[in-house]
Amino acid sequence: MFKSGFVTIIGRPNVGKSTLLNHIMGEKLSIVSSKPQTTRNNIQTVLTSEEYQMVFVDTPGIHKPRHKLGEYMVKVAKDALKEVDVVLFLTNPSDEIGKGDSMILEQLREIDVPVYLVLNKIDENTQERVAKTLKAYSDFFPFKEIIPISALKGKNVETLLDLMKKELPEGPQYYPAEMITDVQERFIVSETVREKALRLLSEEVPHGIAVDIIQMKKNEIGTYHIEVDLLCEKASHKGIIIGKNGQTLKKIGEYARKDLEKFLNCKVNLKIWVKVRKEWRDNPMLLKELGYKNKK
Ligand SMILES: Nc1nc2c(ncn2[C@@H]2O[C@H](COP(=O)(O)OP(=O)(O)OP(=O)(O)O)[C@@H](O)[C@H]2O)c(=O)[nH]1
Ligand SMILES: [Mg+2]
């Protein structure tokens, strides 16, 4: 009997949702950074074995939106709760259940799907704190399973997978076995550049950046020529992104190129232009152009 189903990974920004997904897939498909609100779209990945197929959906962290981009992110995350077989609610050890988490859990009360409590980042917390958090959350919500993990170190991730397998109903293989993700090359290219910028930039700039692909072309000898616009919201941000003597931009380009060469399996020539687009996060037309649009 073949089993298949959908698993949504949901939680506040920065709790480690994308890290968990990448660990399960054994491959880097969703970008990760230490800054909250890194993921902006639902990213589907497919894990296929002889007995089952699990489709994971990595979602943007749920937060209180302050602009149209934020509203879009929260909406796509909530959409990912429809028609799924298991929800992984990710959070981190803490002294009490914060507002952000209780708000998400209230929403989860309304759906009729098993919800797992996945307490991530146990590697950087004491056992005592972990135990206290597990207790507080399980008193607050009727989780079907409770499991402490470290997505970064891979601790307990196998156990989590084993539990989820039992949750899958009998079903068809939705996607071909070799398919691992529904995102396209262009998306991975722009996300890779965005990730490097997030990592290298200071706190104030990152939320206001986006990457627009201008050109992607492979030449006869197999080198990919890629040109992108890195959009930011202020002239002062442009200066920060470029950095002293162009050093920051150079590093963003170097790190992105290295990752892309691995991913695309060929030489990459990457050009990044930094441009100012005031308040693009509230500009419906620009949001659409950058791919932050609802499917329906
Ligand atoms: N110590 C530790 N750090 C972790 C673990 N999992 C993730 N992190 C770190 O936490 C940060 C956020 O990870 P992400 O995977 O981007 O978090 P996210 O939930 O996808 O965040 P958004 O996309 O912004 O909602 C990164 O710096 C990760 O390296 C873990 O198990 N242990
Ligand atoms: Mg993420």
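Each reported figure results from applying straightforward, stated rules to the coordinates on display, with no laboratory input. Keep in mind it's a predicted model, so treat the numbers as computed, not measured. Here the Cβ is made from the backbone with ideal geometry for all residues, glycine too, and neighbour counts use every protein chain on show.
Odds and ends about this structure:
- Ranking of 85, 58 by neighbouring Cβ atoms within 10 Å, starting from the fewest: 85, 58.
- Phi-derived couplings, Karplus 6.51 cos²θ - 1.76 cosθ + 1.60 at θ = phi - 60°, listed residue by residue for the stretch 210-225: 8, 10, 10, 7, 8, 7, 9, 9, 9, 8, 4, 8, x, 8, 8, 9 Hz, with x used for Gly and Pro.
- For the pair residue 261 and residue 106, the difference between a 0.36 nm per residue extended length and the Cα-Cα distance amounts to 51.5 nm.
- Mean-position separation - Cα centroids, the stretch 54-109 and the stretch 253-267, in angstrom: 31 Å
- Under 18 Å from the residue 146 label point (7 Å along Cα→beta-carbon), backbone N, the stretch 69-100: 87-98
- Based on every Cα atom in the chain, Rg and the maximum pairwise Cα distance Dmax equal 19.9, 62 Å.
- Sequence-distant residues sharing a close amide H with residue 274 (under 5 Å, placed H): 230
- Computed from backbone phi with θ = phi - 60° and the Karplus coefficients 6.51, -1.76 and 1.60, the 3J(HN,Hα) list for the stretch 128-143 is 5, 5, 4, 4, 5, 5, 4, 5, 4, 5, 6, 6, 8, 9, x, 5 Hz; x is used for glycine and proline.
- Length added when fully stretched, residue 163-residue 247, from 0.36 nm per residue minus Cα-Cα: 25.5 nm
- Seen through its C-alpha gyration tensor, with square-root eigenvalues sorted a ≥ b ≥ c, the stretch 61-157 comes out prolate because a/c lies at 1.5 or above while a/b is bigger than b/c.
- Length released on extending from residue 293 to residue 234, taking residue separation times 0.36 nm less the Cα-Cα span: 18.9 nm
- Per-residue HN-Hα couplings for the stretch 54-66 [Karplus 6.51, -1.76, 1.60; θ = phi - 60°; Hz; x = Gly/Pro]: 10, 9, 9, 10, 8, 10, x, x, 7, 8, 7, x, 10
- For the chain: relative contact order, % (alpha-carbon pairs under 8 angstrom, 6 or more apart): 18 percent
- Under conditions of 20 °C and 1.002 mPa s, the stretch 3-167 yields 135 µm² s⁻¹ as its translational diffusion coefficient, taking Rh as the Kirkwood radius over Cα pairs in the Stokes-Einstein equation.
- Amide H to amide H, with H built 1.01 Å from N, residue 2 comes under 5 Å of 171, counting only residues 5 or more places away or on other chains.
- In summary, the convex hull built on the alpha carbon positions of the stretch 203-296 has an orientation-averaged projected area of 7.5 nm².
- Sorted by Cβ neighbour density within 10 Å, fewest at the top, the residues 193, 113: 113, 193
- Each of 223, 192 has some number of other Cβ atoms within 10 Å of its Cβ, and from fewest to most they run 223, 192.
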